[in-house]
Amino acid sequence: MHISHQRSFIEMKNSPTAVFAAAILVLAACSPASAQKMPAPAQSGPPVVTDAPDRGTLPTVSGHTAIVPTLYQLDAQPIEQISPLVQRQYLSGTQSTFVKWTVKKGGVFPLHHHASEQITWITEGRCEVYSQGRKFVMTAGTVLVIPPNTPHEFVCTEDTIDIDFFAPQRQDWLDGAPSVAAGK
């Protein structure tokens, strides 16, 4: 790359145009044929996002490869009604998926498995998780790590808020496949 182009890129990397372009790239990467509506707009201006010259950068990481992070308000994300008892809000990055499940008492995620590792954090309520011949009782504050391709099922015995993190991202959802909680 020509020196003047490098300077222009470096000067532009924290500009509103660069932030907007990065947000478009992130959204394009996480929304092909998704059953979910587009994510709510990213938060990209003051007071939550402001310039911080010389902070959060490393001289060994090129401005050409480092992408500006994208900030979202979780509660502003579209709410999908998966079943009468289960709602989902989610965001996907390039390598992971973050989900907030709002589940009414009696909500069930039938026995299933997927290629992603799943980390589940119950922030409110109670669920019983069955996997590999064992029952795990999850209550507010507990975290369960489910390895990839491990069969598991959830039965929520109280109204529950469940935060899940999947890696790699849930490509099946991005491709429009329904959640197992939708039933058949």
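Across the stretch 79-89, computed HN-Hα scalar couplings (Karplus, 6.51 cos²θ - 1.76 cosθ + 1.60, θ = phi - 60°) run 9, 9, 8, 6, 8, x, 10, 10, 10, 9, 10 Hz from first to last residue, x flagging Gly and Pro.
Here the label points at Thr65 and Met38, each 7 Å from Cα along the C-beta direction, are separated by 3.1 nm in the simple model.
Taking θ as phi - 60° and the Karplus parameters 6.51, -1.76 and 1.60, the scalar couplings of the stretch 57-64 work out to 10, 10, x, 8, 10, 5, x, 7 Hz in sequence order, x denoting glycine and proline. The dipole here belongs to the stretch 55-184: it is taken about the Cα centre, uses +1 on the Cβ of Lys and Arg and -1 on the Cβ of Asp and Glu, and is about 80 debye. Amide H contacts of Gly107: Cys156, each under 5 Å away and 5 or more positions distant or on a separate chain (H built 1.01 Å from N in the peptide plane; Pro and chain starts excluded). Among 51-60, 118-127, 133-142, 170-179, sorting by the average number of other beta carbon atoms lying within 10 angstrom of each residue, highest first, gives 118-127, 170-179, 133-142, 51-60. Of the solvent-accessible surface of the stretch 56-184, computed with a 1.4 Å probe and all protein chains present, 58% belongs to carbon and sulfur.
Between the listed residues Val155, Cys127, His114, the Cα displaced farthest toward the positive end of the dipole of the stretch 111-173, a dipole computed from Cβ unit charges relative to the Cα centre, is found at His114. Computed from backbone phi with θ = phi - 60° and the Karplus coefficients 6.51, -1.76 and 1.60, the 3J(HN,Hα) list for the stretch 153-161 is 9, 10, 10, 8, 8, 9, 4, 9, 10 Hz; x is used for glycine and proline.
The values are calculated or read from the model by the stated rules, or taken from the named source; none is laboratory data. In this text, all values refer to a predicted model and were calculated from it rather than measured experimentally. Positions of Cβ are generated from backbone atoms using ideal geometry, with glycine treated the same way; all protein chains shown enter the neighbour counts. The accessibility values were calculated without ligands, DNA or RNA, using every heavy atom of the protein model including side chains. Shrake-Rupley method; radii C 1.70, N 1.55, O 1.52, S 1.80 Å.
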